[in-house]
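To keep things clear, I will list the structure first and then write my remarks on it.
Here, each number is a calculation from the coordinates, and none is a lab measurement. Computed from a predicted structure; not experimentally measured. Positions of Cβ are backbone-derived with ideal geometry, glycine not excepted, and every protein chain shown enters the neighbour counts.
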Amino acid sequence: MDISKKLIDKYNIPVPRYTSYPPANHFRGDLNEEDYVDLIQCSNKGKPEQLSFYIHIPFCKKICFYCGCNTNPMVNERAVDEYISAVKKEIEMVTAQINPERLLSQIHFGGGTPNAISSKYIIEIKELLVSKFKSIAQPEIALECNPANLDVEYISDLRNAGFNRFSIGIQDFDKHILKNVNRDPSKIPIEKVIELLKQDDKDVAVNLDFIYGLPGQTVESFLHTIQHAIELKPDRLVTFSYAHVPWIKKHQQILEKKGLPGAAQKLQMFLSAYELLKSAGYQNIGLDHYVLPKDELFKALNNHQLHRNFQGYCTRRTTGQVYAFGVSGISQMEDGYMQNTKNVKTYTDNLKLNKLPVERGYKLSPREKTIKEVINALMCNQYLHWENMAAKLNQSVKELKESVNFNPEMFADFIKDELVVMNDRELKITEKGSLFIRNITATLDPEYKEQLKKYSKSV
């Protein structure tokens, strides 16, 4: 792809990431646990019918300076045990409101660092959830892992417990760069980690995750890391752009002192990695994911059926309304969102009192549900067919376009810059346009006000 500096400067502005619509910084603090129960009960009649569960483990053995997640330094086993007991209590309270006939399609452990705590806790929670509901064939049971905390015994425990997708947060293979950001390298060679996780089981998948835009990284060093990753042949590979939000995460200010790559250098890292991965046979999914052609995500993209939630891209097969447990967890239901408190003590104290630990949320209006569908279609599939979307939402094309304040003139620059191809029936984001997908999507967000909300920059 040929991307000029002029184009970067033009579109490198703060825009939402659109992991939800509206973005989480629009959530309100005046919703309570009664609202959450109402959302859960309504979700039993909503779409999709399947269940996706997210469990947040807010502990890390050390805090990486780039981290934007809700996490805490590890304390002691007693505190972990108390937290896990609270999570189990929350699971009991929430699942009591869910129709037991619904099918479980996905369980995802995130953090923090889920494998910073004993595997027995992870397995206990997974077993509690699968005991509550019947599952689809081959549900996705996933865990985010820091390879610095993985050993042979831990891997064996997870495999024996039925986990079948592992996201390994490599970030970079260069130990000097890892030291710069306060992250430890893998405890055992990544080649051995992948071998132990897969054990010749075709139903087990391994993702490798990387970050570009960190202090000390160069285009050459990042390409070296990606080339190494390609040689490992992961099922999926992710290249995340470092999101610098020091006004939210104060520890990120440390990286400013170490020196961050500029937008042009970050873009070159992305483009060089993109070309290298494509030449190696990987197909790009969305802005930052790469998969092999046999992957169900690639098939879903080709059929315009790709979906996404806070845990990442997924297919309609594993898609479900999301019910989140643990601090800061965000439940994503058809009619709205609810987020738990971000404070561990507040979380555990609430559950001791049999109170759901919700802090804020958002109830979607009918119009916002429409906008959400349109934005999801573009963010996931880079494609929007007006008539098909209108039919899906049981409304006219005119009503659909009015909901998103569609005005063809707003896309004039995108078309001129070859980021979008558009006619009366459909809107397609080009290969070049995928880099600026957040900018394009924001055009169809009537509530987007750059000057009022702070977001990370698009590049």
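How many percent of DSSP beta bridges within region 31-325 run antiparallel, rounded to 5? Of all bridge pairs located within region 31-325, approximately 20 percent are antiparallel. Given their separation in residues at 0.36 nm each and the Cα-Cα distance between them, Ala264 and His176 gain 29.4 nm when the chain is fully extended. Give the residues of region 396-422 whose amide nitrogen is closer than 18 Å to a point set 7 Å from the Cα of Ile13 in the direction of its Cβ. Residues 405-420 qualify, since their backbone N sits under 18 Å from the label point. Here's the list of lysines a cross-link from Lys257 could span, going by alpha-carbon distance under 16 Å and ignoring same-chain residues fewer than 8 apart: Lys179, Lys249. For Lys132, the lysines whose Cα falls under 18 Å of its own Cα, not counting residues fewer than eight places away in the same chain, are Lys88, Lys89.
Straight-line reach from Lys294: taking Cα to Cα under 19 Å and skipping same-chain neighbours fewer than 8 places apart, the aspartates and glutamates in range are Glu140, Asp200, Asp201, Asp203, Glu231, Asp235.
Of the residues Thr430, Gln265, Tyr362, the one whose Cα sits farthest towards the positive end of the charge dipole of the chain is Gln265 (charges of +1 on Lys and Arg Cβ, -1 on Asp and Glu Cβ, taken about the Cα centre). Separation of region 248-317 and region 179-242, taken as the distance between their Cα centroids, equals 13 angstrom. Relative contact order of region 31-325, taken over Cα pairs closer than 8 Å and 6 or more residues apart, is 21 percent. Projected label points at His228 and Ala391, each 7 Å from Cα along the beta carbon direction, are separated by 5.0 nanometres.
Averaging Cα coordinates gives a centre for region 142-178 and one for region 1-37; these two points are 29 Å apart.
Rounded to the nearest 0.05, the FRET efficiency derived from the C-beta distance between Lys416 and Lys294 at R0 = 35 Å is 0.40.
Among the GluC sites (Glu not before Pro) in region 98-194, those placed in a DSSP loop whose Cβ has at most 13 other Cβ atoms within 10 Å are Glu101. Helices in the chain, meaning DSSP H runs of at least 4 residues, each add -39500 (n - 2.57). Divided by all residues, the mean residue ellipticity at 222 nm is -11000 deg cm²/dmol. Here region 1-47 is treated with +1 on each Lys and Arg Cβ and -1 on each Asp and Glu Cβ, and its dipole about the Cα centre works out to around 460 debye. In this label model, Ile248 and Lys187 are separated by 3.0 nm, measuring between points 7 Å along each Cα→Cβ vector. A simple rule links phi to the HN-Hα coupling: the Karplus curve 6.51 cos²θ - 1.76 cosθ + 1.60 with θ = phi - 60°, which for region 32-46 gives 10, 5, 5, 5, 5, 4, 5, 5, 5, 5, 5, 5, 5, 9, x Hz, with x for Gly and Pro.
As a proxy for reagent exposure, Lys45, Lys266 were ordered by neighbouring Cβ count within 10 angstrom, fewest first; the result is Lys45, Lys266. Evaluated with a Cβ-only charge set (Lys, Arg +1; Asp, Glu -1), the chain carries a dipole of roughly 620 debye about its Cα centre, given to the nearest 20. Along the axis of the charge dipole computed for region 166-305 (Cβ charges of +1 for Lys and Arg, -1 for Asp and Glu, origin at the Cα centre), the listed residues Asn207, Gln253, Leu287 are led at the positive end by Gln253.
The modelled label-to-label distance for the pair Asn160/Lys47, using points 7 Å beyond Cα in the direction of Cβ, is 4.4 nm.
The slack in the chain from Asp349 to Ser279, taken as 0.36 nm per residue of separation less the alpha-carbon distance, amounts to 19.9 nm.
Ordering Tyr362, Tyr313 from the fewest to the most neighbouring beta carbons within 10 Å gives Tyr313, Tyr362.
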